[in-house]
Amino acid sequence: MACCKVYTPQEEYLKKLQAGNQDNRKGRERIYRIIDRYNGTKPAIDIERGLYFTQSMKQTEGEMLVLRWAKALKHIAENITVYIDDDTLIVGRGGKLGRYGLVYPELDGNIMDITIKDVSERKESSFTISEEDGRIISEEICPYWKDKSFWEDLVKALPEETLRLTYDPKNPVQSRHILDELTTYRSSINWVPDYEKALKRGFKSLKKEAQKKLDALDPFNVNDTMEKKPFLEAMILVCDAIVLWARRHGDKAMELAQLEQDPVRKQELLDIAERCYWVPENPARNFREAVQSQWFVQMFSRLEQKTGAIVSNGRMDQYLYPYYQADKAAGILTDAQAMEILECLWVMMAQFTDLCFSPNGASQQEGWAHWEAVTIGGQTREGNDATNELSYLFLRSKRELPLNYPDLAARIHSRSPQRFLREIALTIKDGAGYPKLFNDEEIVLNLVGQGAPLADALDYSASGCAEVRMPNRDTFTCGHPYLNLVSCVEMALYDGQTFMTGEEQIGLKTGDPCQFAAWEEFWAAYEAQLTNLLKHAFVQEYNIMKLRPLHFACPLNSVLHDLCMDSCIDLHQNNIPDGIDIGFIDVIGYATAADSLAAIKKLVFDDKTLTMAEVIDALRNNFEDREIVRQMMLNAPKFGNNDPYVDTIAQNITRIYLEYAKKHSPELGIHVDPRMVPVTGHVSLGKSTGATPNGRIAGFPLSDGASASHGSDTNGPTAVLLSNVASKLFDYRERGSRLINIKFTPSSIEREEGLQKLIAFIRAWCDLKLWFIQFNVINRETLLAAKAEPENYKNLIVRVAGYSAYFVELSPDLQNDIIERTQQAVI
Amino acid sequence: MEGCVFNVQKYSVHDGPGIRTIVFFKGCPLRCKWCCNPESQLTYPQIAYNAEKCIGHSCTLCANVCPAKSITVLTQGSAQLNYQTCLQCLSCAGVCPSKAITVYGQYQTPAQLVNQVEEDAIFYARSQGGLTLSGGEPTMQTEFALALLKEAKYRGMTTAMETCGAIPWEQCQEIYSYLDFVYFDIKHLDSQKHQAWTGQSNDIILDTFRKMRAAYPDTPCVVRTPIIPQFNDTEADIMDIRNFVKSFAHTSYEVLRYHRYGTAKYGFIGREYFLGTKDLDEDVFNHLKSISLQ
């Protein structure tokens, strides 16, 4: 009996802030001074990266792309403004002070002059831009990319019937939200550079390696001279570029130190300069240098390319640990100092935001979303538990400094120490959604199934929302389609049309469902429609794979990749020897589709309480004056309740796309793993989906990830997990990640007893071999209050989809989506 | 064999060790004035109507199907049920599209129920959780409760029970041999007051309690008292029970805060809630709670 209100630490902290209490700042004055300067501000567009990139690309036409890219990076490194924030101990930013986003015209530069107005005026996640910068984009950047951007080539390359599932042919900037593509607003999907290599070896050593290979080339071998030579020259150039950029920060710090009156800050600036002159050129010698070197690599890879908002931090508690351990033993680092350094890094991370010029991109990642997952825990390459003191320090920092960055991800396995689980549970209880959890027991098995050496599989990093990467083994960077599973239900109902696209024959003609005598006939229609969409997803992916190597290169990420250096092939090329190419299709609206099909099966064919004509009539009228029908649909079986009636249908949907992927992936030469990681796509795809037979009204968000439809999982959180177990098909290697959201009321994990039960819940989730899980622990009233009075809840952090964001920065639709996710309370 | 239960609640984490599933039995010998599960009192299935879910006059399916003409659909968007003339034939619940009319109570076999409870076995294994019987009064359906517990034990779950104790020891004693954990309500030590507020004296309850403690002294037991305004909200009331409980081994004591969450359900089944709208004073509760812990 939970009678009295229990608040999360985050809610308590917000209440304190509202009352003017600033106790939380004690000992973190530096960090809060930095936060105060940017928090709550709208990000600005910084055009320098786009401008210098364009300038250089104009000069290098005809050369090999990777070399052009390296030259462009060198040009950027030489010219881009170098900033050093007040107070910070870690330096390096890609744009102006405060929150900023960068410009990547190689993606959709041809339409930037059209979309730029939208970027500054759109209702959600907009950016500020000065008039002069707007002019530069329209007049100096954009014109060069007409006929050259990836977006333009993709739209030209896609066959008409694939294109019209992707974009509105009448207005190709407008996504159809049936089979969306993500590649025009990211040149790479989520990625984890091998930071450890940069820290241990430094770019001087990497450059030397490239030089040695260059010297050893056979001047009479045309492959050597025409392919490997420019590649290796690019590697050398990019090593020079990042070192130059870092050293310019050293100069800037020296310059500021000269002017600095405060002796303490003066010394800090001198120390910063020393570090910038040493790393990332040389191996890091201590913890502070290691963190600085990591950040230079991360920011320079942001300058290199747009990784779909996601450059992950990798296994930070592993590669930083030797430095931490040595410094602590030498007495030159305390935990408080280590946290301060890391927190300087977090606030630098927080100020970079992902700028999407295309409305499509912006709608898929609201709240200026970007993800830099820090992976902690898990296993070593030898398969032992990898948790160490740094793992705990990351968790502690997350609890003590409520901030939306970094995105903390913990790897759990069957032998994860109880202390680790308890600290994780404590942090989850805090209520900001951290850490998200990855399950070694499923993921390592999956990666081995993909052909990875066991040690590489054991060494995976969280990357992106719910995805993982094996640095030096993964080689596939190509974006993937978002497939609307629910539109296939519509097409089965409307003989190949959808509610929103009207008369247009957008899918297959599968017949008038009113003539279907048996459920099997309707199911066959659904299967045909979904198979058709999968076909076009593969067509889309095929064209994207063909085009990308012609449009993108990434010398920095290539020089850090063993396999790229072995083969002298840029990471964005297809088929790098010994690499494992794991691509995806995001299937969106899983529960909505399963529930809709279950309602049709039950009401029309099994119970015969409705006719198909009545179903269609109700949907076409968005249930207006058809409330009886809607109620019947709302009360039909729902996914997420461990109900075999609907879970079997969900499993059959899964089988269609896994079987398709299994059969046809080899034709693409990659693994295509369908997965359920919608980011915020379930909201935008929902807007383009008519009323559905699960009782959902037109335009309402689809179900997110592998979670139940809104408010449908009435049987508790264990049932949500069990429905996922029942529907996932463990025998398919192609099964990708499933993102599961669980929202708990704070009272359900109250006190030590509640904490222990949360730990048990996590252990059981691990036993069930489910890929991923994340938690929101918050009172519904807090969310409602934050929606009503955003000014009082500027600091409220909630979990969205594989990442956390400030609640008040999300669109009203997404805010409602989060509010309406079923809360697992305790009676 | 079939028993009548009105709810199976997964992921219950506040009553007993670990993650548990509570099976709520129909039927109770007591008629506590504050009862928060009024739908548990009758031993058989009964109709419940929740006006908030009713879509009203656009739908008249229930009225059309009612053989006793006990339902009138109002234009305001709800229906009126005449519980006096209702035959409890349950037909209306079968046709109600919005689940505004539902049935409290379903007959199920022990195997059906245990299968359902066992779905969460992996969560029990990780948390030492399992099956909890509650109600209503689970020992009232003695054979059914026994069958459930035996099967649950066989399948490796821990077992717990929440009981009002008002069933003679001779009838319910075997049940306790299959329990790992007992929550036993003792509401008042004054028999007359007990009679006045629950419809029965506490004689059987105290007798069953003593015998249960003597027969199974090692089974951990929590005695609970819901604090009800004007019934047992004095220091003396709580001290008496606390002192009584203290004389037994492996027996702890806790007081529960009175709440009125059940009020709406009285309306659903056509009854009135007698205790009105008065809340328990927070300070009084906290004071009594501190006494209970002494």
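Would you call A:THR375 surrounded by 24 or more Cβ atoms within 10 Å (Cβ to Cβ), β-branched (Val, Ile, Thr) and either under 30 Å from A:TYR167 (Cα atoms) or at pLDDT 95 or above (or both)? It is true that A:THR375 is surrounded by 24 or more Cβ atoms within 10 Å (Cβ to Cβ), β-branched (Val, Ile, Thr) and either under 30 Å from A:TYR167 (Cα atoms) or at pLDDT 95 or above (or both).
Out of all the residues in region B:14-24, is one or more within 10 Å of chain A (Cβ to nearest Cβ) and without any contact (Cβ under 8 Å) to a residue 24 or more places away in the chain? Yes, there is a match, as at least one residue in region B:14-24 is within 10 Å of chain A (Cβ to nearest Cβ) and without any contact (Cβ under 8 Å) to a residue 24 or more places away in the chain.
Applying the criterion of at least 3 residues that are within 14 Å of chain A (Cβ to nearest Cβ) and not small (Gly, Ala, Ser) to the helices (runs of 4 or more DSSP H) found wholly in region B:67-149 leaves B:110-118, B:121-127.
Criterion first (closer than 30 Å to A:GLY314 by Cα, at pLDDT 95 or above and part of a helix (DSSP H, G or I)) does A:MET632 satisfy it? Judged against the criteria, A:MET632 is not a match. For region B:200-238, residues that are loosely packed, with under 15 Cβ neighbours inside 10 Å and either more than 24 Å from the chain's Cα centre (by Cα) or touching a residue at least 40 places away in the same chain (Cβ under 8 Å) (or both) total 7. Kindly indicate whether A:GLY690 is in a loop (DSSP other than H, G, I, E, B) and either within 14 Å of chain B (Cβ to nearest Cβ) or within 25 Å of B:ASN7 (Cβ to Cβ) (or both). Considered against the rule, which asks whether it is in a loop (DSSP other than H, G, I, E, B) and either within 14 Å of chain B (Cβ to nearest Cβ) or within 25 Å of B:ASN7 (Cβ to Cβ) (or both), A:GLY690 comes out as no. Taken as a whole, region A:733-756 holds no residue that is open to solvent by 40 Å² or more (accessible area, probe 1.4 Å), touching a Lys or Arg at 6+ places or on another chain (Cβ under 7 Å) and within 9 Å of chain B (Cβ to nearest Cβ).
Taken over region A:501-532, residues that are closer than 22 Å to A:GLU160 by Cα and touching a helix residue (DSSP H, G or I) at 6+ places or on another chain (Cβ under 6 Å) amount to 5. Across region B:230-262, the qualifying residues are those that are out of contact with any strand residue (DSSP E or B) (no Cβ under 6 Å at 6 or more places or on another chain) and within 14 Å of another protein chain (Cβ to nearest Cβ), and the one among them that is nearest to B:VAL103 (Cα to Cα) is B:GLY262. Note on region A:770-810: among residues that are of a type in the set (S, T, N, Q) and not in a strand (DSSP E or B), the one that is nearest to the chain's Cα centre (by Cα) is A:ASN795. Within region A:329-347, residues that are more than 14 Å from A:GLU372 (Cβ to Cβ) sit with their Cβ atoms under 8 Å from residues that are among the polar types (S, T, N, Q) and open to solvent by 10 Å² or more (accessible area, probe 1.4 Å), at 6+ positions apart or across chains, in these pairs: A:ILE332/A:ASN286; A:LEU333/A:ASN286. Is there a residue being in contact with a Cys (Cβ under 8 Å, 6 or more places away or on another chain) and open to solvent by less than 30 Å² (accessible area, probe 1.4 Å) anywhere in region B:6-26? Among the residues of region B:6-26, at least one is in contact with a Cys (Cβ under 8 Å, 6 or more places away or on another chain) and open to solvent by less than 30 Å² (accessible area, probe 1.4 Å), which makes the answer yes. The residues on offer are A:ARG422, A:ARG415, A:ARG411, and the sole one that is under 27 Å from A:ILE778 (Cα atoms), modelled with pLDDT of 95 or more, open to solvent by 20 Å² or more (accessible area, probe 1.4 Å) and not hydrophobic (A, V, I, L, M, F, W, C) is A:ARG422. The residues of region A:542-578 that are crowded, with 24+ Cβ neighbours inside 10 Å and not hydrophobic (A, V, I, L, M, F, W, C), listed by number, are A:PRO555, A:ASN557, A:SER558, A:HIS561, A:ASP570, A:HIS572. What are the residue pairs meeting all of these: first residue in region A:215-243, first residue aromatic (Phe, Trp, Tyr), second residue open to solvent by less than 40 Å² (accessible area, probe 1.4 Å) and not in a helix (DSSP H, G or I), Cβ atoms under 8 Å, and 6 or more apart or on different chains? Once the first residue is aromatic (Phe, Trp, Tyr) and sits in region A:215-243, its partners that are open to solvent by less than 40 Å² (accessible area, probe 1.4 Å) and not in a helix (DSSP H, G or I) give A:PHE231/A:CYS568; A:PHE231/A:ASP570.
Can you pull out the residues in region A:608-643 that are within 13 Å of chain B (Cβ to nearest Cβ) and open to solvent by 50 Å² or more (accessible area, probe 1.4 Å)? Selection gives A:THR609, A:GLU614, A:GLU624, A:ASP625, A:ARG626, A:GLU627, A:ARG630, A:LEU634, A:ASN635. For region B:229-264, residues that are modelled with pLDDT of 90 or more and part of a helix (DSSP H, G or I) total 12. Scanning region A:204-222 for residues that are of a type in the set (A, V, I, L, M, F, W, C) and within 27 Å of A:TYR277 (Cβ to Cβ) yields A:LEU206, A:ALA210, A:LEU214. Screening region A:437-496 for helices (runs of 4 or more DSSP H) wholly inside it with 1 or more residues that are touching a residue at least 40 places away in the same chain (Cβ under 8 Å) and open to solvent by 10 Å² or more (accessible area, probe 1.4 Å) returns the ranges A:440-449, A:454-458. Among the residues of region B:205-243, those that are closer than 23 Å to B:PRO29 by Cα and basic (Lys, Arg) comprise B:ARG210, B:LYS211, B:ARG213, B:ARG224. For region B:128-150, the criterion of being more than 17 Å from B:LEU42 (Cβ to Cβ), modelled with pLDDT under 95, assigned by TED's automatic domain parsing to the domain that holds B:GLN9 and surrounded by fewer than 20 Cβ atoms within 10 Å (Cβ to Cβ) is satisfied by at least one residue.
If we keep just the residues of region B:43-61 that are in a helix (DSSP H, G or I), under 19 Å from A:ASP625 (Cβ atoms) and not aliphatic (A, V, I, L, M), which is nearest to the other protein chains (Cβ to nearest Cβ)?
Top of the filtered list is B:SER58.
So which residues in region A:94-130 are in contact (Cβ under 8 Å) with a residue 24 or more places away in the chain, among the acidic types (Asp, Glu) and open to solvent by 10 Å² or more (accessible area, probe 1.4 Å)? Answer for region A:94-130, where residues must be in contact (Cβ under 8 Å) with a residue 24 or more places away in the chain, among the acidic types (Asp, Glu) and open to solvent by 10 Å² or more (accessible area, probe 1.4 Å): A:ASP113, A:ASP118, A:GLU124. Look at (1) within 30 Å of B:GLN230 (Cα to Cα); (2) away from every other protein chain (no Cβ under 11 Å); (3) open to solvent by less than 10 Å² (accessible area, probe 1.4 Å) and you find that B:LYS33 fails only one, number (3).
The values are calculated or read from the model by the stated rules, or taken from the named source; none is laboratory data. Computed from a predicted structure; not experimentally measured. Quick reminder, even Gly has a Cβ in these numbers, built from the backbone with ideal geometry, and neighbours come from all protein chains shown. Remember, those area values only see protein heavy atoms, side chains included, never the ligands or the DNA or RNA. Shrake-Rupley method; radii C 1.70, N 1.55, O 1.52, S 1.80 Å.
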